[in-house]
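Below is one structure, written out as structure tokens; the observations come after it.
The values are calculated or read from the model by the stated rules, or taken from the named source; none is laboratory data. Just so it is clear, the model here is predicted, and its values are computed rather than measured. Don't worry about glycine lacking a Cβ; one is built from the backbone with ideal geometry, like all the others, and counts go over all protein chains shown. Keep in mind that these areas ignore ligands, DNA and RNA; they rest on the heavy atoms of the full protein, side chains included. Shrake-Rupley method; radii C 1.70, N 1.55, O 1.52, S 1.80 Å.
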Amino acid sequence: MKLSVVIITYNEEANLPRTLESVLPLVREGQGEIIVVDSGSTDRTVEIAHAYGAKAFVEQWKGYAAQKNSALTKASGDWILSLDADEEVSNGMRDFLLLILFGSHAEEFANFQGGILFGRRNYFLGRWIRHGGFYPDVKLRLFRPGSGRFENRPVHEDIQMEANRQRFDPSPTYDMGDSIDLIHHSYPTLSDYMDHMNRYSSLGAEMLAGEGYKGFSFIDIVLRPWLTFVYNYFFRLGFLDGREGLLLHLYHAVYVSWKYAKAWELARGKQRS
């Protein structure tokens, strides 16, 4: 078996070494490859990728889904592991992958042609956010070539599996001594999260405008964000994540408001033109 680890990057010199270190045991001694598709970084991202033995490609930015699908086409392995540059493979997840790819369970998965699901631990300001809907945050990240592609949408792109392909969740079956999780170092600072909210609310607004969203809605811009905060912070126990949980859910509600306000702004601009 050969594993292809695929990652897209842009100015990720602070995150990429941690990600690559976590997957090196999976690709050593010819067991696999690392594919990095960069969109014109101005820092040392590409240099770092080469230093870890990755095959690095520099391409013009095409959008998240298109960029990730471009990386998939460059993979030559029997399995593909798709990671974001701010993620790393946990010890439990790495042990599980070694087990099913090269270890005693390799034969069991030899004919599996679907995708494998993993929980994801999201860290906000250095704290693992365990409540409020942020864990286990299940993602499909390991799959067979040709069994799926990232769906074509501006934001929150996920792998769309072919209709006849299976999805397997290993967590109930395999005990690795550690959770079989991805670790997501998403927002180490408030500035990072503000930048993320601004960028993703704009992309989300483009999706809404493309679906025909037009009006200025008090419900969407004011009431929906408030209800989102109440639901996640109180009913889904977000308050158990301390100060970090409060800030995360408060600003996530702001993101919801921004998204609908920007969608209205886009629609108004189209009407005037």
Of the conditions (1) crowded, with 17+ Cβ neighbours inside 10 Å; (2) out of contact with any Leu (no Cβ under 8 Å at 6 or more places or on another chain); (3) within 17 Å of Leu81 (Cβ to Cβ); (4) small (Gly, Ala, Ser), the single one that Gly32 does not satisfy is (2)
If Asn111 passes every condition in (1) open to solvent by 40 Å² or more (accessible area, probe 1.4 Å); (2) in a loop (DSSP other than H, G, I, E, B); (3) at pLDDT 95 or above but one, which one does it miss?
(3)
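Within the group Arg167, Arg127, Arg94, which residue is open to solvent by 70 Å² or more (accessible area, probe 1.4 Å) and modelled with pLDDT of 95 or more?
Going through Arg167, Arg127, Arg94 in turn, the sole match is Arg127.
Can you pull out the helices (runs of 4 or more DSSP H) entirely within the stretch 28-101 that have at least 2 residues that are closer than 24 Å to Ser179 by Cβ?
91-101
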Give the residue, chosen from Glu157, Glu162, Glu151, Glu211, that is surrounded by 17 or more Cβ atoms within 10 Å (Cβ to Cβ) and acidic (Asp, Glu).
Glu157
First in the stretch 102-125 and in contact (Cβ under 8 Å) with a residue 24 or more places away in the chain and among the basic types (Lys, Arg), second anywhere and surrounded by fewer than 18 Cβ atoms within 10 Å (Cβ to Cβ) and assigned to a strand (DSSP E or B), Cβ under 6 Å, 6 or more apart
Arg121/Trp128
Looking at Ile100 and the list (1) open to solvent by 20 Å² or more (accessible area, probe 1.4 Å); (2) over 29 Å from Met207 (Cα atoms), which single condition is not satisfied?
(1)
